[in-house]
Amino acid sequence: MNFDLSDEQKMLAEQARGLLAERAPYDRLRELVDAGAEWDEPLWRELAEMGFLGARIPEAYGGLGLSDLDLGVISEELGRANCAVPFFSSIVCAADALTIAGSEAQQAAWLPLLASGEAVAAFASAEGKDGWRPAKPSVAFADGKLTGSKSPVADAGIADVAIVVCAHDEREALALVKLDGAKVTRTKLDSFDELRTHYKIDFDGADAELLDGADAAVIDGVLNRAAVQAAFEAVGAAEACVHMGRDYTMDRQMFGRPLASYQAIKHKLADILMATELARSNAYYAGWAANEAPDDLPLAAAAARLSSLDALGAAARENLQVHGGIGYTFEANCHFYYRRERTLALTLGAKGYWADQLVAAVRAQDGEAA
């Protein structure tokens, strides 16, 4: 396989980067935080007009039908800009679940709206202290009704509909539920990342529909593909931290010399650059495997998830460190990435879960080889 992007993918990245540089600068992020806004709705509309929201949605439903690697190019640029949009929730997770497991009627009703940005979807799996994906969800579907609670759910405050991991007939399933119903209650939670809000959703016999094509294996696939896109997002954010730290240390003078000239600073920046490039390689392979080698996806997704969390964790912390005291102020830009890093570290489960997934995938492959 070719480990470089195609010319078309590079053009896609340039288009996304140009739009985001113009529409989502750091000053815009501060405006959103100061205003208490939960998302950048004008930017969301522009992403829809450019076709980015429909990148992986089938053409029959208003999308472009592109690959997971193509989608990863967009996720990387959104991570680089640290955008306040529900792309991961609505497009990466919910739209994928609908595309894979939804009925023709469900797909026709919702995928065109998601591709056009007219509707936003959330993906609800976590159940608080019981974990982000309980072995047996307490939220249950029966007789067209959904009962129980999900928390935390990213972007639920702005979502029109949610895809909910639930229990049905003693098995794991997915249900589609509109969030404006009288028997659905959304409670905003305190979010460390002010540009990605989270809610608790309570369902008290809410009207819902099953995605008939969903089972545990389908949900595994949705989550593995989501882990790949989260890895791309983390890679973009990590590279932004590398560049931010480099630029600051090139300009900052200490004892008559640029801060970047000191060996300790050089080593810090080199280490996080190496970690970022390793994560990028893993993400690119996982994005390719999602379409071309699905049997490799569980292992590739776990590797991409773990390496990207390591890269962004180190990059966000070291970026703060090389900025010194000013890095901890609201006026500096470092905190945007540190907050997003902490959020991404728990999105889709913490590192321990994905380490277990990696070990299980390696053992499965070893068993097949034997």
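A few remarks follow.
- To the nearest 10, the accessible area of residue 186 is 80 Å² with a 1.4 Å probe.
- Kirkwood hydrodynamic radius over Cα pairs of the stretch 318-370, then Stokes diffusion coefficient at 20 °C and 1.002 mPa s, in µm²/s: 155
- Look at the dipole of the chain built from charges on Cβ: of 152, 288, 272, the Cα furthest out on the positive end belongs to 272.
- Within straight-line reach of residue 136, meaning a Cα separation under 16 Å, sit the following aspartates and glutamates at least 8 residues removed in sequence or on another chain: 127, 169, 170, 172, 215, 220.
- When the stretch 4-142 is described by a simple charge dipole with +1 on each Lys and Arg Cβ and -1 on each Asp and Glu Cβ, the residue from 15, 97, 61 located farthest towards its positive end is 97.
- Pairs of Cα atoms farther than 23 Å apart, the stretch 172-288, %: 60
- Student exercise, the chain dipole from Lys, Arg, Asp, Glu Cβ charges, in Debye to nearest 20: 1340
- In the stretch 128-195, GluC sites (Glu not before Pro) in a DSSP loop with at most 16 other beta-carbon atoms within 10 Å: 170
- Rounded to 10°, Cα long-axis angle of helix 216-251 versus longest principal axis of the chain: 20
- Relative counts (whole %) of C-alpha pair distances in the chain, using bins that are 20 Å wide: 29, 58, 12, 0
- The stretch 191-270: chymotrypsin sites (Phe, Trp or Tyr not before Pro) in DSSP loop, at most 11 other beta carbons within 10 Å: 255
- Per residue value of the accessible surface for the stretch 113-165 (all protein chains in place, 1.4 Å probe), Å²: 36
- Among the listed pairs 145/200; 129/183; 10/188; 183/351; 10/178; 268/351, those beyond 30 Å (Cα-Cα): 10/188; 183/351; 10/178
- Pairwise FRET efficiency - residue 136 versus residue 212, Cβ, R0 = 30 Å, nearest 0.05: 0.90
- Over all Cα atoms in the stretch 216-370, the spread is summed up by Rg and Dmax: 17.8, 63 Å.
- For the stretch 286-370, a crude dipole built from +1 on the beta carbon of Lys and Arg and -1 on the beta carbon of Asp and Glu, taken about the Cα centre, is about 440 debye to the nearest 20.
- Here the average projected area of the convex hull drawn through the C-alpha atoms of the stretch 156-206 stands at 4.1 nm².
- Electrostatic dipole magnitude of the stretch 27-159 [Cβ: Lys, Arg +1; Asp, Glu -1; Cα centre; debye, to 20]: 560
- Accessible-area composition of the chain, carbon plus sulfur, in percent [1.4 Å probe]: 53
- Area of residue 30 that stays accessible when all protein chains are in place (1.4 Å probe, Å², to 10): 40
- Chymotrypsin sites (Phe, Trp or Tyr not before Pro) within the stretch 1-104: DSSP coil, no more than 11 neighbouring Cβ in 10 Å: 3
- In this structure the stretch 236-311 gives 48 Å² per residue of accessible area when probed at 1.4 Å with all protein chains present.
- Think of the stretch 219-370 as having a plus end and a minus end, set by charges on the Cβ of Lys, Arg, Asp and Glu; of 236, 327, 219, 327 sits farthest toward the positive end of this dipole.
- Ordered by 1.4 Å accessible area with all protein chains kept, 178, 129, 145, 150 run largest first as 129, 178, 145, 150.
The values are calculated or read from the model by the stated rules, or taken from the named source; none is laboratory data. Quick caveat, the model's predicted, so the values are computed rather than measured. Please note: Cβ atoms are built from the backbone with ideal geometry, for glycine as well, and neighbour counts cover all protein chains shown. We work out accessible area using only protein heavy atoms, side chains counted, and drop any ligands, DNA or RNA first. Shrake-Rupley method; radii C 1.70, N 1.55, O 1.52, S 1.80 Å.
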